[in-house]
Amino acid sequence: MSTDAVRMSQWPSEQPYVIPVAPGPDVATVTIDGKEVQVPRGELLIKVAQDHGTYIPRFCWHERMKPVGMCRMCLVEVEGMRGLQISCATPVTDGMVVHTQSPGVKAAQDGVLEFLLVNHPLDCPVCDRGGECPLQDQTLAFGPGESRFVEEKRHFEKPIPISETVLLDRERCIQCGRCTRFASEIAGDALIHFGGRGSGTEVMTYPDEPFSSYFAGNTVQICPVGALTASPYRFRARPWDLDSVETSCQQCAVGCRGALESTSNRLVRLLGVDLDPVNQGWLCDRGRYAYEWVHSDARVVTPRLAREGGLAEATWPQALDAAAEALRRARDEHGPDAIGVLGGARGTNEDAYAWARLAKGVLRTDNVDAQLDDGLPAEVVLGLPRASIDDLDRAAAIVIVGSDPKETLPVLYLRIRAAAEAGVPVVDVSTHDNGCTPFAACSLRHRPGEVATPVAALAEVLGGRTTGSDADRLAALVADRDGPVVVVLGRPSLAEPATAAVHAAALLAAVPAVRFLPALHRGNVHGALDLGLAPGLLPGRVTLDAGRAHVGAVWGGVPAARGLDARGILAAAADGRIRTLVLLGCDPLTDFPDRPLVERALAAVGTVVVVGAFADAAGGHADVVLPTTVWGEQDGSGTNLEGRVQRLARKVTPGGAAMEAWRIAGELAARLGVDFDLELTAEVQDEIARVAPAFAGVDAAVLRRARDGVVLPLVDHADEIAWGPAPLGAGVSWEPIPAGADAEPVPADAEAAATPTGPPAPPVALWEWRGPAEPAPTVPVDAYALRVVAARTLYGADRAVLESPSLAAFAPRDAVLLVSRTDRDRIGVADGDRVRVTSARATVELPVVADARIPQGVAFLPANRAGAGIGDLVDPDAAVTDLRVETLR
Amino acid sequence: MAQETPVVTRFMRERPDDSWQFESARAYNAAYTRLERAFAMGPEAIVEAVQQSGLRGKGGAGFGTGQKWSFLPKGVFPRYLCINGDEGEPATFKDHMLTERDPHQLVEGAIITAYAIQANHAFIYLRGEFALGADRLQQAIDDAYAHGFLGKDIGGSGFDLELVLHRGAGCYIAGDETGLLSSLEGERAMPRIKPPFPAAQGLYAAPTVVNNIETISTIPWIIANGAEWYAGMGVNRSTGTRIFSVSGHVERPGNYEVELGMTFRELIEGLAGGVRDGKRMKFFIPGGASSPWLLPEHLDSPLDMDYAGSELRTMLGSGAITVFDETTDPLLVSWRLAKFYAHESCGKCTPCREGSSWIEKVLYRMVNGQGRPEDLDLLLSFGSNIVPGLNAPFAQTTICALGPSTMSHVVSLDRWFRDEIVARLERDTARRTSLEIVTVSAGADA
């Protein structure tokens, strides 16, 4: 079989992906198989050859990891060098002449493949990798026809689980070390390693310590054989039966690119796609396996109406009429302010826009909030200078304030870790040790509620002054570093108001080089805020007043004055001032920190309209349920935390009668007398580009062709766009897949027409936030109490986790109180014992566990847990929450 | 009559009962008095002298010691000296003796070498099995610290040196210089890809010199007696002396320190007393288990590192000479060596990891009457994917030299005993066929 046949095998690495290089001192001229190419000097030969269309076979080398030269498959002949060279560890030099297909090279490749197959079982027919296996493919392309090995092969027990989701088959392993290197080099969880020697070498975990990494699934993806398999996908499908589409993960706001695969209209796998500016091929395990909830039995797929005896199925016209009637009645009888819309941070941009238009343009209520009082004020998020994820790599320093990216934005954590490894100093400002602490150059600790204190010192240091505090250590680290200071800004704790974090943001925003990455976690929260699902704002990052004329011209009008945020909406509902409440793909009972308020609000409000995928979202108070399609079932776009708009793709047909949320908004608007005239996703995108100032120029044609998405506003980032399309090789999982738009072909003339000669500037100046925020009051410390920090962990009792069997099996669900060992001993209990916890508001019983990361005097409450927790204990109006902890005896 | 030329083994012969003790070494061997001269010479002059002495590494590769030192990049600190005492090459036992019998000579050499390369930290990586050697060496290091020959400001020179003894955990490949560095850093002893060479990025990614114990033990004598004295001994580019560990079927096995240039016959028949029990020699391994074998007809060749490579297609390697008499089954020897390499392959590079155990399995069959006439050619055929060309000096498709070592005995079988072995395989095959044995052995348990 000739190598040409392989070249047609849709290996993504085969796709020419050439970055043009101008000749210069940093450029080397290299001849590869007679073809002369200009390449960056010092780049690895294997990469250079791949970029220019010559695929050199390899097993151990991975583009995103350091070369180790173990598998010996990538041997090539370099003129003037003795013997064959491993191209994965050979930097190119000027004038280098390389042969990748000479008889000597062929013989060596034959030899290496024969060796690899010596102990490799030929169980391809029952192997998950069969059909998309690099070893299989390369044997066909580069290897000998048959084996001369007549001895007994090596045997191991197979497979053995090495974590909750990863199974290891040591017989199939070819010891390339990709998984072990990923674990230590990329993820920083060095929990798997080689053991044994010679042909008995095997990948091992430590005794009694599973490979429990948030990123373990990546090792399955990059394994070049079927040695590592993932239990969620194992035996579910054969690669040739898979259908693939490129989309972005929406489990958090990083927006990792992935290839979503299905068979028989069922999602079976999500694989990381190497989108250079975002996830670089990696996914976290939650993102990788949370496609399962799409097929949850608990989904509601037909409209429902409250009848006597509970919710009953209804037709779409019945349900839409009922919802429209409830909205109309509330508006007509009590005014627009009697309507509230909560949620929208988990849908697409199109959903967010259509609902913003329905609420603000049609109903004229500004009581709209996509966040559930668990993030940062929208004005702050939208008004701060924004950094890109890539800025992390070129930053003078990275400051992490009020966030644990490893728990809430896992792949952003990988990017921060990679930047730190490359020498960027990381400052971790937190109440306790977190995921970034191990590689932080400087860790600043503060008491809960007082994040602004260390940040004030930090801002002084970044401004060039010394403070006599720990922050001064940063001065020497950043002294001779250029580049922006990237601040990853989050809400330090759900047990305190955002005031302190806002004050910290104001202090840092005053430093010229500082740019922000807002650490809000919900999948499309940035898209929702950008498109106006927040009080006081209109689509496109403008305020009501600034955008009134521009947006109102299309919408026919906008609300008169700023409305209520989530807390205000719920409080107004509890007081009876809000008559109709729309829950847009959210469940405030689990997500809103103040559960008693939600319960009062839902009980008091006249009509609850649930627009979402689960009927029980409002805890039995729903009057109308309008079932929506979800991620994987609908096309559209989403915006990540850096403001990058990326296309989301539909892979499976929704069951039942679920409808896109933006169509539901259109249907309701029509019943309220306004015709949106939007029939296609692309039409919504075009209207967004026309109406929302920050989206100026980002129309459907641009989104379709921009391979890596578009960073808002386009006028500032036009040069960064990589015009596609690069077709995606379906079913390929082991290599970083060159980033591609989807397979939709773009006619050549459309491409020419769509290429903007100069992107349009936003028609209205975008909102900028200047924060004269006042410092939060400090509360004296009560030496007998523990001050609460409440924050989310990656796994918990979240709907997406609970409805994904693979994750639910090991995700912790129950509330727990984490304290320092000293405090646990002072309370006088053992780990796991239940204690009585008393706050100013309530008394609950919780198990307590000592955690080395928690300092004395602080209690950490994971926020996303079932049972008693912050929802009961925290008084949202208090600056901090102190807990008294007592034994039950 | 051939004579030994004791240099590094002189003192231990003179004081066999207490040569390892500090007082004895000071009183009778003037231990540490060479330091003063070294400090007076200065680092550059020492490197120059070692280069002029022609001293070559005595661990196996025979690379110019002074030349190796001169490769350190200028002005890059810290630097490290690592002394390789992992002596894992089968039948080699010279460093074992030097460590147990004259540890102060080694420590003195370490101090001078560290000073020459301006390293303030030195490590001795000692084979874990050398329990007595480790005790005595540690005692020697402690004594040297106690008397101011290690630590801060040694002998008022302003030079500081911390010397650490590190014991290995039983692994052949830790004897490879980059494998040793990985092991010393706490990783698996897996060799690293080169470049970067240790001189540029070695221990903890800092410039590092790795030298064998015997090499370092020689340094004090080059300082004491001068480069010309050392260069005056030996032959051609193989200057000075070397310790040869002679073992196998000889009358007097043991370590013999001789001037290079002596013939194998003088060493084996003269000093070691020839083949025992009046038998005839069948073949011998001239430089450790990794070196291709030689026949009695080669006995009059000189002990010359370059001659061994270019004329005899073998190497003097670690200086371990193993003699086999006429009753030896060369196939059995080959299988035993293959079993060693299959066990000791670190598992990093595919050709060595898989090839070494494949070789072992085939040889096991051959030894046990289950061979096929084509098996020798099969070994040579897939073996040439580890050692392209199969000709010494060996090329390799692996990172380190363990790869070619797995094949050197097979190459020797083919070179000297091919007809004998093929005939045997044909006989075995014929017998099996007549007995209607059709199964193939399950192979050895590795």
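No lab work stands behind these numbers, since they all come straight from the coordinates. No experiment lies behind these values; they were computed from the predicted model shown. Cβ placement follows ideal geometry from the backbone for every residue including glycine, while neighbour counts extend to all protein chains displayed.
Things worth noting here:
- Peptide A:113-123 is shielded by partner chain Cβ atoms: per residue, an average of 4 of them sit within 10 Å of its Cβ.
- Shielding by partners for peptide A:197-208, expressed as the average number of C-beta atoms from other protein chains within 10 Å of each residue's C-beta, is 5.
- Estimated D of the range B:53-116 in µm² per second, where Rh is the Kirkwood radius over Cα pairs and Stokes-Einstein applies at 10 °C, 1.306 mPa s: 118 µm²/s
- Estimated FRET transfer efficiency when R0 is 22 angstrom, pair A:Arg394-A:Arg445 (beta carbons, to 0.05): 0.20
- Value of Rg to Rh for the range B:205-319 (Rh from inverse mean 1/r over Cα pairs, i.e. Kirkwood): 1.01
- Kyte-Doolittle at least 1.0, axis length at least 24 Å by Cα - qualifying DSSP helices, chain A: none
- For chain B, the spherically averaged projection of the C-alpha convex hull amounts to 21.3 nm².
- Among the listed pairs A:Lys66/B:Lys348; B:Lys194/B:Lys348; A:Lys153/B:Lys339; A:Lys106/B:Lys194, a Cα-Cα separation exceeding 20 Å is found for A:Lys106/B:Lys194.
- Computed from the Kirkwood radius of its Cα pairs, the Stokes-Einstein diffusion coefficient for the protein assembly as shown at 37 °C and 0.692 mPa s stands at 93 µm²/s.
- Förster radius 51 Å - calculated FRET efficiency between B:Arg265 and B:Glu36, Cβ distance, rounded to 0.05: 0.75
- Shape annotation for the range A:786-887: C-alpha extents along the principal axes are 38, 32, 21 Å, from largest to smallest.
- From least to most packed, judged by other beta carbons within 10 angstrom and beginning with the fewest, B:His249, B:His343, A:His120 follow the order B:His343, B:His249, A:His120.
- Residues B:Thr350, B:Thr322, A:Thr499, A:Thr887, ranked from the fewest to the most other C-beta atoms within 10 Å, line up as A:Thr887, A:Thr499, B:Thr322, B:Thr350.
- Viscosity 1.306 mPa s, temperature 10 °C, Stokes-Einstein D of the range B:330-433 from Kirkwood C-alpha radius, µm²/s: 118 µm²/s
- For B:Tyr28, A:Tyr289, the sequence from fewest to most other C-beta atoms within 10 Å is B:Tyr28, A:Tyr289.
- Partner chain coverage, peptide A:98-109 - average Cβ within 10 angstrom: 1
- Neighbour net charge for B:Thr350 - beta-carbon separation under 11 angstrom, K R +1, D E -1: +1
- On the basis of the beta-carbon distance and an R0 of 41 Å, B:Gln139 and B:Thr327 show a calculated FRET efficiency of 0.40.
- Qualifying lysines (Cα of each under 27 Å from Cα of B:Lys152; at least 8 residues distant if same chain): B:Lys68, B:Lys74
- The slack between A:Ala722 and A:Thr653, meaning 0.36 nm per residue of separation minus the straight C-alpha distance, is 21.8 nm.
- Spin-label pair A:Arg826/B:Asp377, simplified geometry with 7 Å Cα→Cβ offset, distance in nm: 8.3 nm
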